[in-house]
1. So for the chain, averaging the separation of alpha carbon pairs under 8 Å that are six or more residues apart and normalising by length, what relative contact order in percent results?
2. First obtain the Kirkwood hydrodynamic radius of the stretch 12-60 from its Cα pairs, then insert it into the Stokes-Einstein equation at 25 °C and 0.890 mPa s, and state the resulting D in µm² per second as a whole number.
3. How big is the charge dipole of the stretch 111-202 about its Cα centre, in debye rounded to the nearest 20, if each Lys and Arg gets +1 on its Cβ and each Asp and Glu gets -1 on its Cβ?
4. Toward the positive end of the charge dipole of the stretch 1-91, about the Cα centre and with charges on Cβ (Lys, Arg +1; Asp, Glu -1), which of G39, A72, A84 goes farthest?
5. May I ask for the equivalent-ellipsoid semi-axes of the stretch 174-279, computed as the square root of five times each C-alpha gyration tensor eigenvalue and listed largest first in whole Å?
6. So what is the 222 nm mean residue ellipticity for the chain from helices alone, if each DSSP H run of at least 4 adds -39500 (n - 2.57) and you divide by all residues, rounding to the nearest 500 deg cm²/dmol?
7. Build a GNM of the chain with springs between Cα atoms under 10 Å: which of A120, A112, A254 gets the top mean-square fluctuation?
8. Subtracting the Cα-Cα distance from 0.36 nm times the residue separation, let me have the gained length for E137 to E204 in nm, one decimal.
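The values are calculated or read from the model by the stated rules, or taken from the named source; none is laboratory data. Everything quoted here is computed from the prediction, not taken from an experiment. Cβ: placed from backbone, ideal geometry, glycine included. Neighbour counts: every protein chain shown. Heads up: the accessible areas ignore ligands, DNA and RNA and are worked out on the full protein's heavy atoms, side chains in. Shrake-Rupley method; radii C 1.70, N 1.55, O 1.52, S 1.80 Å.
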Amino acid sequence: MNQAEQLHTLARRYCMVMAGYWGRKYSRLMNSGGDRTEGGDYTAEAEELFPRYLVLDAILAELEQYDGAEFAAEEDAHKKILSAVWNAQSLFTVNKPGVFQRTAEAERQALAGYLEKRAAAGISHVSPLPYRRTLSEIERTLLWEDLSGRWEIRDFWYPLTEPKPPETEAFMEDYFAAEIGFNALRAILSAHGIGRIFELREFEHSPEYQLDVEGFNPVYTLNGEGYWFSAEMDWVIYASHENSITIAGEWLLAEIKKIWPGWEERRWLDWQERQRRGI
């Protein structure tokens, strides 16, 4: 990597690491009941935490509109990266006055200061990150159109909608993760020569990506339900809000069944049926 790409990588890694750090601290606060007052408002401690990972997520999505290679030089990279640091917004950060804004600004300043310090010291030996690029609006629109046309996807999909598409199975996500695991899924895709895939999400405000197979994680998140597929669209993975993971595509489904002897017992069931059966 050249100096510009290394600076871009440093900024991405900071956002990933620190967003995870602040998110874990906030989760611990929530678990202890310390995030809300008796009146239901956020506590002062909460307002010192959650704005930080929300603004870092917004910055990361904007940083990843670049892949690093298009920067003319380190100076160009530094300018564009700092613009993202100070100006990036998301649905969760825009028009948030008061303590939220002050906390978010403090986190922006911390990241800007870190990058300034690293740039002044001279950047070298930065470990690369898996490729991930935020899709443009045009790319998102065209991919949604193609995916819908190829697989007849309209917002929710199987098993939350009928009919069941051919060469498709839906499984209980917790069992899939425990008994197959996403590393095995990544290995299957890689063995078929798939290096990069697309990730589309349920919500219009959520960032959507092209990313390396090694960096994809097909689960439901704050960004909503997700779809993952390659440019050929001969397979799709769908993660819903109902603890389901759908595997579609003849060859991919066959590979999953080959390494999962008990797959038939792990077909998706809703929570009521799971409770009735005790599984």
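1. Values: 368 pairs, mean separation 47.0, N = 279.
Relative contact order of the chain: 17 percent.
2. Values: Rh = 11.0 Å.
D, rounded to a whole number, is 222 µm²/s.
3. Values: 11 positive and 15 negative charges, 139 e Å.
The dipole magnitude comes to about 660 debye.
4. G39
5. Numbers: eigenvalues 107, 71, 22 Å².
Square roots of five times the eigenvalues give 23, 19, 10 Å.
6. On the way: 10 runs with 133 residues, N = 279.
Taken over the chain, the calculation gives -15000 deg cm²/dmol.
7. Per the Cα network of the chain with a 10 Å cutoff, A120 tops the list.
8. Details: separation 67, 0.36 × 67 = 24.12 nm, distance 1.01 nm.
Stretched out fully, the E137 to E204 stretch lengthens by 23.1 nm.
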